[in-house]
Every structure is written in structure tokens, then in C-alpha cells.
Amino acid sequence: MASDTKQYDDQPLNEKVCEMSKLVTAAFPDIEKICYEGPQSDNPLAFRWYDPEEMVEGKTMKEHLRFTVCYWHTFRATGADPFGGGTMIRPWDDGTESVENARNRARVAFEFFEKLDVPFYAFHDRDVAPEGKSLSETNANLDAVVDVLEEEQNRSGVKLLWGTANMFSHPRFMHGAATSCNVDVFTYAAAQVKKALEVTHRLGGENYVFWGGREGYQSIYNTDMKRELDHLAQFFHMAVDYANEIGFTGQFLIEPKPKEPTKHQYDSDAAACLNFLRAYDLMDHFKLNIETNHATLAGHSMMHELEYAGMQGGLGSIDANTGDLLLGWDTDQFPTDYYLTTQTMLVLLKYGLAPGGVNFDAKVRRESFEPLDLFYAHIGGMDAFARGLKIAAAIRADQAIENLITDRYSSWDSALGQRIENGSMGLKELEATMLKQGECSGNKSGRQELLENIVNRYMDKA
Ligand code: XUL
Ligand code: CO
């Protein structure tokens, strides 16, 4: 692809950008499409493990992994933190909130998706287009950028994994959106979701995500929790009804997170989300989008959250990232740990992922400010997942973990175990059984260390 900045210019660049452009002259001028070169390659701009066409368990890696770039971190993150402003050099971006700049940025994003060879992207409404002075102006801005997204999707074949509405950044959402104490804010949020659903539908989005950014509380003293949760459920039912009305058949997803920005978020973990969905008769319409760093903030492992959702038919998609062991907040780092990706893929292979995907809800560090770092970050994440996929598939092929689990629970395959599992025993019958038997038969070893060694063995060979 041509790599001249000019191809993105609807408008002349302003002075600031021209100056920045001297540093890095175009979007990604020196980068060709990233290709698979194999594990021996030391080319930092090649995949060592991700070979999109390689078959694993009867499907290509591309079909299994459904890699997704997220627009907000990769194209909107500035590198700002609570102690300092932005650091990112993004020569294509004129730093304004103009619609023209947003449209140019969208074209750059597609150059990135194509060069990285990812099949999907995901966005919030407000990542892609600026807010206007009124809701109707904001909607018009969004439409103007969605025109470009649609055009670029058609040109490149890159698809939308999911859309979502940002209902947490604007000050109006200080008390939440669907759970706000202000009925006008609920109303605004409903209008925003209606539009976001229309746009997601127009772009052929395969899912629609709700992350309850401020759906929770800072103080339980001032919170009517029951009323807020009732409102949240009503809001979701409205979204389901409207999706039916417009013919949107994508999967609805809720993304659990326990805290940040609020002290307590209602969607705190997979268990809380599934309980909420059941209590409000939403199980048929929603699954979960499980995010690694959210799982760890909730005090769980990613594997736990995935398994908990998966075993109840509630695993929809994943936001792939990682936290930092030494920091207790949502650092949203790119995942590079093979143990993490292997564990994740073990569960995803078991339950399946489509129409979900592996969305890199991850951002480069503030110090990694060059456009090139965006490539390194995604290549590392994609390779780590491809490697995790291969290791998990090898473990599954040999039933290396499964055999130990089957053996561990084998007592349940006995006549007694089967009678309990099929519901034909009560406390009286069980008492009679144990009175007759007198004592339990011996326990089996849990073999935890052996299992950890087995995983290491597959790390070495896969
Ligand atoms: C925030 C987060 C969001 C959601 C989409 O922690 O993960 O980016 O994924 O709103
Ligand atoms: Co996320």
C-alpha cells in the first residue's frame, strides 16, 4: 500500500502536524504487510507463531483467534496519565476534534489493520467521531465517520467485531448512564445506544458490547441499588427490543469489571453478571465479554472467569490484555505471557469463541510513543495467542490434562455416583449407604505439581 500521508488528507495538515510529520513522515511509511516467517525469524516485524492459514483442530488460526484491534487504545490513546499529558506521536492526527480529522484517522486505522493482517476491529461511538453541540449534531458527526468506516470495510474486507457506546467519559455520566439517578441521563444514554446499535448494524457488527463504565457507585450511602439495577435491566431489555426491531442479530455482550472508575461496578465479575442476567430474564440475549485485567482486578484468574462463563453457556468474547503483578490497577498491557495465553486458549477451544473474538483491549505504554510501537505491541500479542493456541491444542490432542481430571472424578462414575448425579438419592439413602460402608474409600492425589510439569512439557514441545 502507498504510504504517503497525502492519501489521508481531506484537508491540509495544520502546522503542528507538519512539524510532527518531519519526525515520522507518514502513517506507517516503512512498514509492509506483516507476514508469518516462523519461530526461527528474528525479524521484529514478522509473525513467529501466527500463521493465519495454519490448521489447528480443523480450523485455521485466523478462524480460531478472530484478532481484533481496538480503536480507542490504538487510535485515540494519547499516553496521558494522572501525572502528565499525552506523549504519543501520531503524525496523521491534527490533534483537533474535527470530523475531517476523525475521517482521516479512520483511513489510517484501516491501513494499520491491513498491514497487521487482522480480520476485525472494535470501537466506541465516541472513539471514532467527536461529540457535537447537541445529540443530533453528534449523531451527524458519527454518520459522517461511519461513511468512511463502511467504505474502508468494503475496500479492505476488515470487519467489525463489535460496537459499543461510550457512556462514561462525558461529565453528564458522572452518576452512571442506565443507572444514573438523573432520568434525563438514562434517556440520553438510551438514545445513544439506539444510535450505536443502528451504526453497528449498518457496519455488519457481529456483536454489541455493554461495559458499565460508571454503572456502579462511589458511596453506598447515596445509592438505591435495587432501583439502579432495575433500571439497568430495563435498559438492556430496551436494547434487545430495538435490535429485534431493526433486525440486528449480533450477540449482546456484557463486560464484567469490578471497579475503576467506580469503587464498585455492578457487573463486577462473571458470576455477578450471570446472576443479574438470570434475575432479570436476560440470559437468552446476553453473553459475556471477559477481559483479563478485569478478571485479575476481581481477584480471579482469566481461566476462572472464562470457565465460569463457559460452563453456563455465557462465554461470548474476550478482551485480551494483562495487568502488572506489582500494580493493582487496570494497566491494559499487551499480553505476552505464554502461560496466560495457553490457559485462555484451553478454555476457548473447549467452548468456542465465534462470533466473539480476541480483542486487544490493550494500550502501548506512555513511553512507547512511536507509531512503530503499535506494530510491535500487536505482533507480540498475536504471536503469544497463536503460540498459546498451539500449546493448548497439543495438550488437548493428548488429553494430557483431561485424563487426570477424568481419573480424579472417577468415583462419580460408580453406581453410587451415578445415582446421586441423576437425582435418585436423598439424605436418607445416602445415610443408609454410609452406615453400611462405615468409612470413605481413600482419596486420590490432586497431582497439581504433575499437572504444572505437564503444561511446562507442552510449552517446550508445541
Ligand atoms: C474499560 C474497558 C472498555 C470496554 C469497552 O476497562 O475494558 O474499554 O472494553 O467499553
Ligand atoms: Co474491555
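What to note about this one:
- When the helices of the chain are scored as -39500 (n - 2.57) per DSSP H run of n ≥ 4 and the total is divided over every residue, the value at 222 nm lands at -14000 deg cm²/dmol.
- Residue pairs, from the table LYS59/LYS159; LYS62/LYS390; LYS159/LYS390; LYS33/LYS62; LYS59/LYS350; LYS133/LYS159, whose Cα atoms sit over 22 Å apart: LYS159/LYS390; LYS133/LYS159
- Extension gain (nm, one decimal) between ASP407 and SER169, 0.36 nm per residue minus Cα-Cα: 80.6 nm
- Total formal charge among the other residues, if their Cβ is under 12 angstrom from that of PRO371, Lys/Arg +1 and Asp/Glu -1: -3
- For the chain, the relative contact order is 15 percent, taking Cα pairs closer than 8 Å that sit 6 or more residues apart in sequence and dividing their mean separation by the residue count.
- For CYS35, net neighbour charge (Lys/Arg +1, Asp/Glu -1) across residues whose Cβ lies under 12 Å away: -2
- In a fully extended conformation the segment linking TRP329 and LYS133 would gain 67.2 nm over its present Cα-Cα distance, using 0.36 nm per residue.
- Cβ-derived FRET efficiency at R0 56 Å, SER441 paired with GLU53, nearest 0.05: 0.65
- One decimal place: the segment CYS181-GLU449 gains 91.4 nm when fully extended, by the rule 0.36 nm per residue minus the C-alpha distance.
- Cβ crowding within 10 Å averaged over residues, with 406-418, 336-348 ranked highest first: 336-348, 406-418
- Estimated vicinal HN-Hα couplings, Hz - segment 338-352 in sequence order (Karplus 6.51, -1.76, 1.60; Gly, Pro = x): 5, 5, 4, 6, 5, 4, 4, 5, 4, 6, 5, 5, 5, 9, x
- Applied to segment 192-200, the Karplus parametrisation 6.51 cos²θ - 1.76 cosθ + 1.60 on θ = phi - 60° returns per-residue 3J(HN,Hα) values of 5, 5, 4, 5, 5, 5, 4, 5, 4 Hz, with x for Gly and Pro.
- For segment 418-435, 3J(HN,Hα) per residue [Karplus equation, 6.51 cos²θ - 1.76 cosθ + 1.60, θ = phi - 60°, Hz, x = Gly/Pro]: 5, 5, 5, 5, 8, x, 9, 10, x, 4, 5, 5, 5, 4, 4, 4, 6, 4
- Ordering ASN101, LEU327, TYR280 by the projection of their Cα atoms onto the charge dipole of segment 50-397, which places +1 on the Cβ of Lys and Arg and -1 on the Cβ of Asp and Glu, puts TYR280 at the extreme positive end.
- Computing FRET efficiency as 1/(1 + (r/R0)^6) for LYS33 and ASP398, where r is the C-beta to C-beta distance and R0 is 41 Å, gives about 0.70.
A short reminder: the numbers here are calculations on the coordinates, not readings from a lab. Here the structure is a predicted model, which means the values were calculated and not measured. Note that each Cβ is placed from the backbone with ideal geometry, even for glycine, and that neighbours are counted across all protein chains shown.
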